[in-house]
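The values are calculated or read from the model by the stated rules, or taken from the named source; none is laboratory data. In this text the structure is predicted, and so the values were computed from the model without any measurement. Cβ sites come from the backbone with ideal geometry, for glycine too, and all protein chains shown count toward neighbours.
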Amino acid sequence: MLKLDSSDDAHSDWIETSMRMLNEAGQSPEMVARVSELFFAEAIRRYMDRLPRGERGWLAGLKDPAVAKALAVIHSRYAEELDIETLAREAGVSRTKLGELFAELIGEPPMRYCGRWRMRVAANMLRDGKQNASNVAYSVGFNSEAAFTRAFKREYGEPPATWRRRVEDDAKKRVELAQTGLPQQVVRYARAEDGTRLAFSIMGRGHRW
């Protein structure tokens, strides 16, 4: 559910007009999808405008032009051998300035974020099941599967193949539980302040750690 208040700023008129248009009969699915995208973008904009001072995260980073540009480069060019010089040049600031802004708004240095984003993309590729670990390694910019395996294990605590089998097994178990009518078990991940990666499962209303 997406909730937008149409009475709190200068964007109210187009929100109300768009809602009236969507309520009219005969709107094409393409039109509904496009307006929904605009509503979603508006919700993100409002959320960013209301972020409290000192809030960290990539949404907070998007409010700063230099950090936003660096994030765009990291997210779109994850397979390249990026370095702090490249990011600073693309962002139009010095290395020192970018490092300070990035750490302040995102909560970690640019290159550490870059490495974690690369692993997240790799994990999504492995989860999709369309490519093996070797192909994923080269797709995200590694020159060898061995180097990719080491980096992936540092991030997720286990090799890519093991991680992929576990994710697939978890998905099968969720399907089986859904078919039997039992509460669905959901696996989630978190990271402790010292960097330790933790996994926990949720089933029904209780938690098992």
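Checking residue 93 against (1) at pLDDT 95 or above; (2) surrounded by fewer than 18 Cβ atoms within 10 Å (Cβ to Cβ), only one condition comes out false. Which one?
So residue 93 meets the others, but not (2).
Would you pick out the residues in region 19-41 that are charged (D, E, K, R) and at pLDDT below 80?
If the condition is that a residue be charged (D, E, K, R) and at pLDDT below 80, then 20, 24 are the ones that fit.
Considering only region 94-115, I want to know if a residue exists there that is in contact (Cβ under 8 Å) with a residue 60 or more places away in the chain and within 27 Å of residue 61 (Cβ to Cβ).
For region 94-115, residues in contact (Cβ under 8 Å) with a residue 60 or more places away in the chain and within 27 Å of residue 61 (Cβ to Cβ): absent.
Of all residues in region 46-59, how many are surrounded by 12 or more Cβ atoms within 10 Å (Cβ to Cβ) and not aliphatic (A, V, I, L, M)?
Number satisfying all stated conditions: 4.
Quick check on region 176-209: of everything there that is assigned to a helix (DSSP H, G or I) and surrounded by fewer than 11 Cβ atoms within 10 Å (Cβ to Cβ), which residue is modelled with the highest pLDDT? Talk me through it step by step, then tell me what you get.
Filtering region 176-209 down to residues assigned to a helix (DSSP H, G or I) leaves 176-180.
Adding the requirement that they be surrounded by fewer than 11 Cβ atoms within 10 Å (Cβ to Cβ) leaves 176, 179-180.
On the way: 176: 77, 179: 73, 180: 71.
Filtering first and then ranking leaves 176.
Residue-by-condition table, conditions (1) of a type in the set (A, V, I, L, M); (2) surrounded by 17 or more Cβ atoms within 10 Å (Cβ to Cβ); (3) over 20 Å from residue 156 (Cα atoms):
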{"site": "61", "(1), (2), (3)": "no, yes, yes"}
{"site": "67", "(1), (2), (3)": "yes, yes, yes"}
{"site": "73", "(1), (2), (3)": "yes, yes, yes"}
{"site": "79", "(1), (2), (3)": "yes, no, no"}
{"site": "82", "(1), (2), (3)": "yes, yes, yes"}
{"site": "101", "(1), (2), (3)": "yes, yes, yes"}
{"site": "106", "(1), (2), (3)": "yes, yes, yes"}
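Please give the helices (runs of 4 or more DSSP H) falling wholly within region 31-143 in which 1 or more residues are of a type in the set (Asp, Glu).
84-91, 95-106, 110-128
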